[in-house]
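Okay, structure first, notes after.
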Amino acid sequence: MTTQTSALQKARATYQPKLPKALRCDNIMISYGSPTEPATDREEIRKLFPSTYGQPAVTIEEGEGDLIDKPIKVGVVLSGGQAPGGHNVIAGLYDALKKTNPESQLFGFKKGPIGVIKGDYRELTSDYIDKYRNTGGFDMIMSGRDKIEKPEDLAACKKNLESLGLSGLVIIGGDDSNTNAAMLAEYMKSNGCPVSIVGVPKTIDGDMKNEQIETSFGFDTCTKTYSELIGNIARDATSAVKYWHFIRLMGRAASHVTLECALQTHPNITLISEEVSATGSTLGRIVDYITDVVVKRAAQGKNYGVLLVPEGLVEFISDIKIMIDELSAVLGQDEETLKSMGNHEERIQHVTKRLSKESAEVYESLPGAIREVLLSRDSHGNVPVSQIETERLLMDLVTERIRVLKEEGKTNAKFSPLSHFFGYEGRCAAPSNYDADYCYSLGFAALQLIRAKLTGFTVNVRNSIKSSDEWIAGGTPVTMMLNMEVRKGKPTPVIKKALVDIDGKPFKQLADNREDWALNDCYVFPGPIQYFGPSEVCDSPTITLKLEKS
């Protein structure tokens, strides 16, 4: 299959990503810190990772080291959902490999972790990689969501990596994928296999970060992509002056995407899941807040506006959470009874009677289509909350609330809502200059950890709001980031997701401006991602990162 190349892609192919100063040097050494431990569940994690627990964090520096410089073979795999910059991680890894020794080889495992399990790979050469430099997507070797955690899968990976003669495997993925990398590293080391396993932090959700990992790659690009679209909609709103736009953004567990887009575009209403959870807000209170802003703007003659909401909001609303728990129990206990009922209305009535008074009221307040969705269970036996289109739920409830207010003569607001969901539009966008540079540096640094024979690490690049000369690359032991969570009914080690800190600077900037943005048209129109032009325009990181590191 031949792929047509746009003029922009041809121009971007010539862009040379920037690197930290230490990675540009011919002589590189690894500096070791003190032994590390996770913040919680130390004994449980130590028992699960006896061979890789307690490793020190490391920094890559200029100097004479004892890193491998002979020809080696390295593997790479893309795991999980796409994020802008993945191709540049592979390009950086390849260039570092060839710079160290031109005889070294890079192999890409196809379609995610299943490629490692089945031994499905291809050699990645310069001719092949060059077509993908500075492009979005994961189509170079494709991705997948399989896990490397079953004993037979771990054994298959060990066999395939050894038969290829690899010195290291780089797993590019999010928190789950990096946890799998730690499990594979532990398995390999405890079974006497010297293959280094190194992870790379990827997710557009922005929830894989800590003191050492400043941001996950792809977050910068996707939030700029979404912000361009939000800005376009805000411009449309002030032009047509008759629509309220309800925009749902990606982010099941964390609201970083929604917060960053709000800071970039200044919408009238921004809902943050973590704040809703911390304040114990109910669905009714949220609907009242939105309705209040709509009515106040209408009184000013502004029957339009923009609202941002993270896709996972409903799982943070206090009364919804209680109702979902009760509903899940009823669906499990009365499964056969519900199956025997002839229609949805009969099932809805049965379920409503089995819920507590408070939860029944919440359930009955939901639109009929959503009540029906919540009567089913997914393959894990859970109520499919993810199928709720949060923005449509809020639109319907606010519409009804305003109808009642009109009947009571309390408002003459004209409320015409439109819904949008921005998700896949951002996952494979061409990476911003920040992500192009950051990802290239992550790949380049990952090779240095392999050359140092380190395993069970996630590569990091810090100080990235500064110029690239001041960037600091290194590695974080994955066990340092783990905690124990209940998954599928049993305690499981996972990297803890970083949620929005409602005491942090990014959220406080939103909170401090919320009232002004609600009633006044303070919209910012960021425009498209800039690849060429002044550095302050083209290379600027997210507002979130600048505030966190200022």
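Data table
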| item | result |
| --- | --- |
| Candidates Gly301, Gly305, Gly342, Gly332 - the one that is modelled with pLDDT of 95 or more, in the same structural domain as His256 (by TED's automatic domain parsing) and more than 29 Å from the chain's Cα centre (by Cα) | Gly301 |
| Index of the failed condition, Cys261 passing every other in (1) of a type outside the set (D, E, K, R); (2) buried (at least 24 other Cβ atoms within 10 Å of the Cβ); (3) out of contact with any Phe, Trp or Tyr (no Cβ under 6 Å at 6 or more places or on another chain); (4) in the same structural domain as Val314 (by TED's automatic domain parsing) | (3) |
| In segment 275-307, the residues that are surrounded by fewer than 23 Cβ atoms within 10 Å (Cβ to Cβ), part of a helix (DSSP H, G or I) and in contact with a strand residue (DSSP E or B) (Cβ under 9 Å, 6 or more places away or on another chain) | Tyr289, Val293, Arg297 |
| Qualifying positions in segment 60-106 - out of contact with any strand residue (DSSP E or B) (no Cβ under 6 Å at 6 or more places or on another chain) and within 22 Å of Tyr424 (Cα to Cα) | Gly81, Gln82, Pro84, His87, Asn88 |
| Filtered residue count, segment 142-177, keeping only those that are closer than 13 Å to Leu78 by Cβ and within 20 Å of the chain's Cα centre (by Cα) | 11 |
| Residues (crowded, with 24+ Cβ neighbours inside 10 Å and either of a type in the set (Ser, Thr, Tyr) or outside any strand (DSSP E or B) (or both)) located in segment 167-178 | Gly174, Asp175, Ser177, Asn178 |
| Flag if Leu8 is of a type in the set (A, V, I, L, M), touching a residue at least 12 places away in the same chain (Cβ under 8 Å), under 30 Å from Gly423 (Cβ atoms) and in a helix (DSSP H, G or I) | yes |
| Qualifying helices (runs of 4 or more DSSP H) (wholly inside segment 340-400; at least 2 residues being farther than 20 Å from Ser419 by Cα) | 344-354, 357-365 |
| Number of positions in segment 475-505 that are buried (at least 23 other Cβ atoms within 10 Å of the Cβ), in contact with a helix residue (DSSP H, G or I) (Cβ under 7 Å, 6 or more places away or on another chain) and either among the small types (Gly, Ala, Ser) or farther than 21 Å from Asp205 by Cα (or both) | 2 |
| Of residues in segment 110-153 being of a type in the set (A, V, I, L, M, F, W, C) and closer than 15 Å to His87 by Cβ, the one surrounded by the fewest Cβ atoms within 10 Å (Cβ to Cβ) | Met142 |
| Segment 183-241, residues that are assigned to a strand (DSSP E or B), closer than 25 Å to Ser273 by Cα and not aromatic (Phe, Trp, Tyr) | Pro201, Lys202 |
| Residues of segment 455-473 that turn out to be at negative phi and crowded, with 24+ Cβ neighbours inside 10 Å, as a count | 7 |
| Criterion (within 27 Å of the chain's Cα centre (by Cα) and in a loop (DSSP other than H, G, I, E, B)) met by exactly one of Phe138, Phe107 | Phe138 |
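The values are calculated or read from the model by the stated rules, or taken from the named source; none is laboratory data. Here the structure is a predicted model, which is why all the values come from computation and not from measurement. Here Cβ is always computed from backbone atoms with ideal geometry, including for glycine, and neighbour counts include all displayed protein chains.
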